[in-house]
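**Q** Here it is, the structure, as structure tokens.
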Amino acid sequence: MKVLIILDDVDSVDQLKALAAELDWFGRGSIIIITTRNKDALNVLQEHKVYEVTEMDKDQALQLLSKQELRRYAPTAGLRALSEEIVNGTGGLPLALKVIGSFLHGKSEETWKATSQKLNIVPNKEVEQKLRISYDALEREQQQMVLDLACLLVGGR
């Protein structure tokens, strides 16, 4: 059977060996897409093509944040400096920008400042901790819904 498999954020050779080292595990014509910051992990594959994605530049990151939060392509003048701080705090990572941007939609400037300060405390590589900032800002009931959904998705493999 032909399959499409997407492995996101593979960071070790062991992960890749366990999930997709042998191409004969999958039907002819199958496609495996792997995202990783560790190119060496790809060396265990029998056959592979690499498409390198460059990091977003500052303007692209600001545009993504603005699109998520403000529903426009550029931050308003009043939020420009805070937007830049948030982009720097997330390291320009698209997932973090989308989650933080959605969280900040319609929030006060004080919430923007507090979020920016929290983001800049956590090192850029710690994406999970950055995303946790949005989770922690949810009401208790909303947090429980997120956890319920996560458990549902894990069980649905």
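The values are calculated or read from the model by the stated rules, or taken from the named source; none is laboratory data. Please read all numbers here as calculations on a predicted model, not as lab measurements. Don't worry about glycine lacking a Cβ; one is built from the backbone with ideal geometry, like all the others, and counts go over all protein chains shown.
**Q** Filter the stretch 59-79 down to residues that are exposed (fewer than 13 other Cβ atoms within 10 Å of the Cβ) and at pLDDT 85 or above, then give me how many there are.
**A** Step one: list which residues in the stretch 59-79 are exposed (fewer than 13 other Cβ atoms within 10 Å of the Cβ), which gives 59, 71-73, 76-78.
Checking which are at pLDDT 85 or above leaves us with 59.
So the count comes out to 1.
**Q** A further question follows. Could you count how many residues in the stretch 19-39 are loosely packed, with under 10 Cβ neighbours inside 10 Å and either assigned by TED's automatic domain parsing to the domain that holds L95 or outside any loop (DSSP other than H, G, I, E, B) (or both)?
**A** Residues flagged as loosely packed, with under 10 Cβ neighbours inside 10 Å and either assigned by TED's automatic domain parsing to the domain that holds L95 or outside any loop (DSSP other than H, G, I, E, B) (or both) within the stretch 19-39 amount to 2.
**Q** Something else now. Residue under question is L97, and the condition is that it be assigned by TED's automatic domain parsing to the domain that holds L65 and modelled with pLDDT of 85 or more; does it hold?
**A** So L97 fits the description; yes.
**Q** Which residues, counting only those in the stretch 46-65, are in a loop (DSSP other than H, G, I, E, B) and within 25 Å of L93 (Cβ to Cβ)?
**A** Within the stretch 46-65, the first condition is being in a loop (DSSP other than H, G, I, E, B), and the residues that meet it are 46-57.
Those that are in a loop (DSSP other than H, G, I, E, B) and within 25 Å of L93 (Cβ to Cβ): H48, K49, V50, Y51, E52, V53, T54, E55, M56, D57.
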